[in-house]
Ligand SMILES: Nc1ncnc2c1ncn2[C@@H]1O[C@H](COP(=O)(O)OP(=O)(O)O)[C@@H](O)[C@H]1O
Ligand SMILES: [Mg+2]
């Protein structure tokens, strides 16, 4: 196969960050090439350079054997390079067809032949198995569909080198499978795909080769079939990653959380919890396994004061917690790593030090009468950022500017400062990369060692199995099975999660 793209020792310096430090990349025509790296490794920067969107300081771009220089994406597009960004660039109030034609430079002048374009687009979409309704408004179609529009746009412009920047982040598992199919059909017709991801599984599933970046530098390029997730994880993170975490042995203490016959409804007023019974003791991790939508969200909401139960008993450390507020839960010693840190964990437009203070505003040493001592808050946040390795230039930047992994570290840093009696960890690693997942798992084990009672709710069965001492299976708002961690098998759990009966 022929080399189609070569990036040679690309250097890109942003103020205070060396995003690409002599990065090289060789891509062959007709391959699916993954660019793998943790958040902040420099993947998007490198690809934005290849797409002519940002300029580089040093190094060469060689396309089909010729050294090129770009003054903007137009130059890259002319050479057949196209990119689907993490954030789409579609106009919601326009139809799919209008969006497709608008973005296309090769439609010249005012004499737009809509019908001709329509025919051409239908042809392309059928050829690559991407059927879509060209007359739908973009605002009315799913994100997965919008992504297809972006891909179709590239094809319509004649791209044969296609860059996808973390395309799966916004897709459901089924949509991911459909995207793989589209990619495969693109490849069969000779297109070259550069696929950015931080997920090892995806590299293994879809690529021919993979180039790993870490901290703005090349680590290695390998043929995918000759490597495995463990080796890739080591390249990506720079050290051995523990996939099976060591569970510390802890003598379980007194009971902290007790729920008896708890009933609750969901946001649409339909029964969500149908008589939950469970208990968690000091130093114990109890995992709730289940398929999404079986009451997990409501269970967590009830245990953090975000939702009221209809009936039943809820006690934390002997206190009756029915119908209590979020503040009451905090004051009773409950910490919460939320399912959606963007909605509930952080105020994205607040600086980090203010986020670190959430729930502590009325506590010494930050409260001075009715006022907050911001100097103290900053100092305290700086300590936490250091201790929990939250990567940020300083604590004055907004939470929004942090990567997902670092946002989660910030939430954990704050929540663990409560020295909680009870920790409610709800999908604590959703959307994180390997290094950050490992960190979160270690912190949960730390909490256990410190005799915190932990209720872990997760859709990741491997996470539940690795961390829990006991596993409860939730199905249609009821706990329908219980296992000691060492006795649970994936098959048994899976059967129960689907509503089947306990084999044992
Ligand atoms: N426009 C920019 N200005 C300043 N810093 C940036 C900019 N874009 C990216 N960075 C920084 O460069 C580094 C690499 O970022 P990026 O290429 O987006 O990484 P990745 O795509 O691998 O997550 C990060 O530290 C990021 O904060
Ligand atoms: Mg990126």
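Every read-out reported here was derived from the displayed coordinates using simple, explicitly stated rules and does not represent laboratory data. Note that the structure is a prediction, hence the values are computed from the model and not measured. Here Cβ is always computed from backbone atoms with ideal geometry, including for glycine, and neighbour counts include all displayed protein chains.
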Quiz prompt | Spacing of the two label points (7 Å from each Cα toward its C-beta) at residue 326 and residue 75, in nm | solution = 4.9
Quiz prompt | Residue exposure sequence - 219, 280 - by fewest surrounding Cβ within 10 Å | solution = 219, 280
Quiz item: Fewest first, what order do 164, 350 take by the number of other Cβ atoms within 10 Å?
Solution: 350, 164
Quiz item: If packing is taken as the mean number of other Cβ atoms within 10 Å per residue, what is the order of 166-175, 246-255, highest first?
Solution: 166-175, 246-255
Practice problem: Would you please put 71-79, 143-151 in order of how densely packed they are, using the mean number of other Cβ atoms within 10 angstrom per residue and starting with the highest? | Solution: 143-151, 71-79
Exercise. Assuming a ≥ b ≥ c are the square roots of the Cα gyration tensor eigenvalues, decide whether the range 241-312 counts as rounded (a/c under 1.5), prolate (otherwise, with a/b larger than b/c) or oblate.
Key: oblate
Exercise. Beta carbons within 10 angstrom, averaged per residue: use that to sort the peptides 192-205, 382-395, 20-33, highest first.
Key: 192-205, 20-33, 382-395
Quiz prompt | Cα-only radius of gyration and Dmax that characterise the range 176-277, units Å | solution = 22.7, 64
Exercise. Sticking to Cα atoms, compute the Rg of the range 233-380 to one decimal and its Dmax as the biggest Cα-Cα distance, whole number, in Å.
Key: 18.8, 52
Exercise. List the residues of the range 1-26 whose backbone N lies under 16 Å from a point placed 7 Å from the Cα of residue 67 along the Cα-to-Cβ direction.
Key: 6-11
Practice problem: Taking the Cβ of each residue in 381, 69 as the centre, tally the other Cβ atoms inside 10 Å and list the residues starting with the fewest. | Solution: 69, 381
Exercise. Percent of Cα-Cα pairs per 5 Å bin, from 0 to the last occupied bin, for the range 113-208, please list those.
Key: 2, 12, 24, 25, 20, 10, 4, 1, 0
Quiz item: Which angle between 0 and 90 degrees, to the nearest 10, do you get for helix 173-188 versus the longest principal axis of the chain when only C-alpha atoms count?
Solution: 20
Quiz item: With axes computed from alpha carbons, what is the tilt in degrees of helix 404-416 against the longest principal axis of the chain, rounded to the nearest 10 within 0 to 90?
Solution: 10
Self-check item: Pairwise Cα inverse-distance average, inverted: Kirkwood Rh of the range 5-70 (Å)
Solution: 12.2
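The range 347-419: percent of C-alpha pairs farther apart than 21 Å?
17
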Quiz item: Kirkwood Rh over Cα pairs of the range 454-499 into Stokes-Einstein at 4 °C, 1.567 mPa s: D in µm²/s?
Solution: 122
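Let me check I have the definition right: for the range 3-237, take the eigenvalues of the Cα gyration tensor, multiply each by 5, take square roots. What are those semi-axes in whole Å, largest first?
After scaling each eigenvalue by five and taking roots: 30, 21, 16 Å.
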Practice problem: Note the full-extension length gain between residue 9 and residue 310 as 0.36 nm times their separation in residues minus their Cα-Cα distance, in nm to one decimal. | Solution: 102.1 nm
Practice problem: With N denoting the number of residues in the chain, provide Rg(C-alpha) divided by 2.2 N^0.38 Å, to two decimal places. | Solution: 1.09
